[in-house]
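*Asks:* Got a structure here, written out as structure tokens. Questions coming.
The values are calculated or read from the model by the stated rules, or taken from the named source; none is laboratory data. Remember, it's a predicted structure, so these values are computed and weren't measured experimentally. FYI the Cβ positions are ideal-geometry reconstructions off the backbone, even for glycines, and counts take in every protein chain you see. Heavy atoms of the whole protein, side chains included, go into the accessibility calculation; ligands, DNA and RNA do not. Shrake-Rupley method; radii C 1.70, N 1.55, O 1.52, S 1.80 Å.
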Amino acid sequence: VTRLPASIEKVVGALGKLPSIGPKTAQRLTFHLLKQPPDDARSLAAAIGALHEGVRLCETCHYFAENERCDVCNDPRRDLSEVCVVEDALNVLGLERTGAYHGLYHVLGGALSPLKDRGPDDLQIESLMRRLRDGAFREVILATNPTVEGEATAVYLARLIGPLGIRTSRLAQGLPAGGDLEYTDALTLQRAFEGRRNYDLEP
Ligand SMILES: [Zn+2]
């Protein structure tokens, strides 16, 4: 078996650790970079190298930010009476793409999961409750994923929020059950958003 030079193997190995990139794709990407001008590879490496320094999480909603607060929280045109609760920062991106929502967000950082030993203290739930108590919110849209864990998280949050007297809603059916908002197309997401229903549980 012919071995590749170590500098190629190193890049193939690093790319192969990324999600949804298998060894073959990693090789193809590496060979592609080799064929391009060296500056392309250098600027890619520089951008990746600077990634962590340039990004932090918004102190208010925990979405990606470059300063203390993210672009959404800083935008004076956003509707301060609505907050949409999502599991991951990527979900914010998907919902923004629909153009159907103009309120604020709150990124939990995952969903409740006994299997993964992830409880309420591991998610950004305390900061959500603080925001709800201090703010002037009229509606909390529970946009956790339509999975068992996402549903359990929505129920948990609806129970917590109920006593505050703020309306809770959940995205409409029609999202693929067991799916992930991250992989839902913009139109389906927009429809689910517009058809959201009340989620006020019995105490
Ligand atoms: Zn924010």
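*Asks:* Which of the residues that make up region 98-122 are within 16 Å of the ligand (Cβ to nearest atom) and not hydroxyl-bearing (Ser, Thr, Tyr)?
*Replies:* 102, 103, 104, 106, 107, 108, 109
*Asks:* With the requirement that a residue be of a type in the set (D, E, K, R) and over 19 Å from residue 195 (Cβ atoms), what does region 137-165 give you?
*Replies:* 149, 159
*Asks:* Please work out if residue 108 is within 16 Å of residue 88 (Cα to Cα), of a type outside the set (Phe, Trp, Tyr) and under 15 Å from the mean Cα position of the chain (by Cα).
*Replies:* yes
*Asks:* Within region 67-77, is there a residue that is over 25 Å from residue 191 (Cα atoms), open to solvent by less than 50 Å² (accessible area, probe 1.4 Å) and within 12 Å of the ligand (Cβ to nearest atom)?
*Replies:* yes
*Asks:* Can you confirm whether region 79-96 contains a residue that is touching a helix residue (DSSP H, G or I) at 6+ places or on another chain (Cβ under 7 Å), open to solvent by 80 Å² or more (accessible area, probe 1.4 Å), under 21 Å from residue 190 (Cα atoms) and within 16 Å of the ligand (Cβ to nearest atom)?
*Replies:* Among the residues of region 79-96, at least one is touching a helix residue (DSSP H, G or I) at 6+ places or on another chain (Cβ under 7 Å), open to solvent by 80 Å² or more (accessible area, probe 1.4 Å), under 21 Å from residue 190 (Cα atoms) and within 16 Å of the ligand (Cβ to nearest atom), which makes the answer yes.
*Asks:* Another question, then. Read through the list (1) out of contact with any strand residue (DSSP E or B) (no Cβ under 6 Å at 6 or more places or on another chain); (2) open to solvent by 30 Å² or more (accessible area, probe 1.4 Å); (3) more than 20 Å from residue 164 (Cβ to Cβ), then give the number of the only condition that residue 60 fails.
*Replies:* With (1) out of contact with any strand residue (DSSP E or B) (no Cβ under 6 Å at 6 or more places or on another chain); (2) open to solvent by 30 Å² or more (accessible area, probe 1.4 Å); (3) more than 20 Å from residue 164 (Cβ to Cβ) applied to residue 60, the lone miss is (3).
*Asks:* Of the conditions (1) of a type in the set (Gly, Ala, Ser); (2) touching a Phe, Trp or Tyr at 6+ places or on another chain (Cβ under 8 Å); (3) modelled with pLDDT under 85, residue 100 fails just one. Which one is it?
*Replies:* Checking residue 100 against (1) of a type in the set (Gly, Ala, Ser); (2) touching a Phe, Trp or Tyr at 6+ places or on another chain (Cβ under 8 Å); (3) modelled with pLDDT under 85, the one that fails is (3).
*Asks:* Cβ-Cβ below 9 Å, separation at least six or inter-chain, first residue in region 53-64 and under 13 Å from residue 84 (Cα atoms), second aromatic (Phe, Trp, Tyr) and near the ligand (Cβ under 8 Å from one of its atoms): which pairs?
*Replies:* Hits for this filter: 61/105; 62/105; 63/105.
*Asks:* Does any residue in region 36-52 that is surrounded by 10 or more Cβ atoms within 10 Å (Cβ to Cβ) come within less than 6 Å, Cβ to Cβ, of a residue that is assigned to a helix (DSSP H, G or I) six or more places away or on a different chain, and which pairs are these?
*Replies:* 41/33
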